[in-house]
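**Q** If you scroll down you'll find the structure; I have some questions about it.
The values are calculated or read from the model by the stated rules, or taken from the named source; none is laboratory data. Model, not experiment: these values are computed from the prediction. Because the Cβ atoms are built from the backbone with ideal geometry, glycine has one as well, and the counts that use them run over all protein chains shown.
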Amino acid sequence: MLYTKAFYNLLKFNFLKKKNIKCQPWQVEDLRNKKLEKLFLKLKKLDVELDKQKFLKYSEPCDTPEQLTNILLDNKKKNFYEQIYLIIFEIWRRLLPQKQSLSIFCDELDHRIYLYDNRKIKIDELIQDGIANLQKILDENVDFGANPIEIFRLTKNYCAHDLEAFIYNYISDQIDCENDVYAMELIDGFYPFIENINWFNFLRVKIATKIDIIEANDIIKTILKDLKNNPDLNLQIAILKFMVKVGDPTLFIYILKQTLKNIKYEKEFIKIMRLASDFYRRQDQDKKEKEIINIIKKRKNIKNLKTIDDKDLDYKYFEKILT
């Protein structure tokens, strides 16, 4: 469950992508761009009389903007609680940087992730520092006895972005940019906190392939062993996409066959066949490549979400091609 600020950040980020989302202006307003006096004026219009001096005074006994909001609001203003809270949150962020609550930290991290994902971040250190500080917070909580998985799960509730997915994608970007040492540091650093470690083991594969293909194949086999009991079609497809270009051809076909057993829909079947076609093209097996392409063309009018039956003649023929 997302906490209040994370929820409104998510709403705002989605609104920036799709302007037709139904919401009230205050719910998606970018308060970061407003001058401080404008923020206090907004509070005044909502019947909350504050200035900088009063704000600092009232915040003294508080550790978080959430606590301050609860102190300032009486029952008459409860209907405007979230609108007022968002303004107080922004003022707190500016005036009390020394009081870095988890919600404040995650709000800033969300902001930097949004900039990174939209290629608007100008200084790489901004996102690197955000990630380093996240790891530091997690490590400190573990040092005090917190369970790594549980503390990361709690932290994710304060973020609009999917933190686990972002960290994975960011590390993958670093590997693509040949920053393997930094990528490995991040993998090792976040590994204890990740619930689905197979995706992070796949990142190890990407690095190991550049150094020792045997080690890379061993890691893949470890992943596959776990996937037998806990299938993950998206991960299997990601591994296949990677192995089309590098890796053991025999292992690729084995994974392809295992993945084929897990597909449910036409679009997944087509995706698997395209990967197989690409593989056989790279292996100079023109006959098999053409046979698969013909199946794909034949099925072009079938709807993406049509359920695949393992008795499907094309399915059976594709299985035969793989043998």
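**Q** Could you check region 235-248 and list, in sequence order, the residues that are surrounded by 14 or more Cβ atoms within 10 Å (Cβ to Cβ) and not small (G, A, S)?
**A** First, pick out the residues of region 235-248 that are surrounded by 14 or more Cβ atoms within 10 Å (Cβ to Cβ): 235-240, 242-244, 247-248.
Across region 235-248, the qualifying residues are L235, Q236, I237, I239, L240, F242, M243, V244, D248.
**Q** Moving on to the next point. In region 100-116, is there at least one residue being of a type outside the set (S, T, N, Q) and outside any helix (DSSP H, G or I)? Walk me through it before giving the result.
**A** Here is the first cut: in region 100-116, the ones of a type outside the set (S, T, N, Q) are 102, 104-116.
Remaining after also requiring outside any helix (DSSP H, G or I): none.
No; the residues of region 100-116 include none that is of a type outside the set (S, T, N, Q) and outside any helix (DSSP H, G or I).
**Q** Considering only region 284-309, state which residues are in contact (Cβ under 8 Å) with a residue 12 or more places away in the chain and in a loop (DSSP other than H, G, I, E, B).
**A** R299, I302, K303, N304, L305, K306, I308
**Q** Okay, next question. What residue, of L235, L256, L224, L251, is in a helix (DSSP H, G or I), out of contact with any Ser or Thr (no Cβ under 9 Å at 6 or more places or on another chain) and in contact (Cβ under 8 Å) with a residue 60 or more places away in the chain?
**A** Numbers: L235 fails: in contact (Cβ under 8 Å) with a residue 60 or more places away in the chain; L224 fails: in contact (Cβ under 8 Å) with a residue 60 or more places away in the chain; L251 fails: in contact (Cβ under 8 Å) with a residue 60 or more places away in the chain.
Exactly one residue qualifies, and that residue is L256.
**Q** Is it true that some residue in region 71-80 is touching a Leu at 6+ places or on another chain (Cβ under 7 Å) and either in the same structural domain as E108 (by the TED database) or more than 23 Å from Q24 (Cα to Cα) (or both)?
**A** No, every residue in region 71-80 fails to be touching a Leu at 6+ places or on another chain (Cβ under 7 Å) and either in the same structural domain as E108 (by the TED database) or more than 23 Å from Q24 (Cα to Cα) (or both).
**Q** What number of residues within region 126-176 satisfy the criterion of being part of a loop (DSSP other than H, G, I, E, B) and either in contact (Cβ under 8 Å) with a residue 12 or more places away in the chain or under 13 Å from the mean Cα position of the chain (by Cα) (or both)?
**A** Filtering region 126-176 down to residues part of a loop (DSSP other than H, G, I, E, B) leaves 144-147, 157-162.
Add one more test, that the residue is either in contact (Cβ under 8 Å) with a residue 12 or more places away in the chain or under 13 Å from the mean Cα position of the chain (by Cα) (or both), and what stays is 157-162.
Result for region 126-176: 6.
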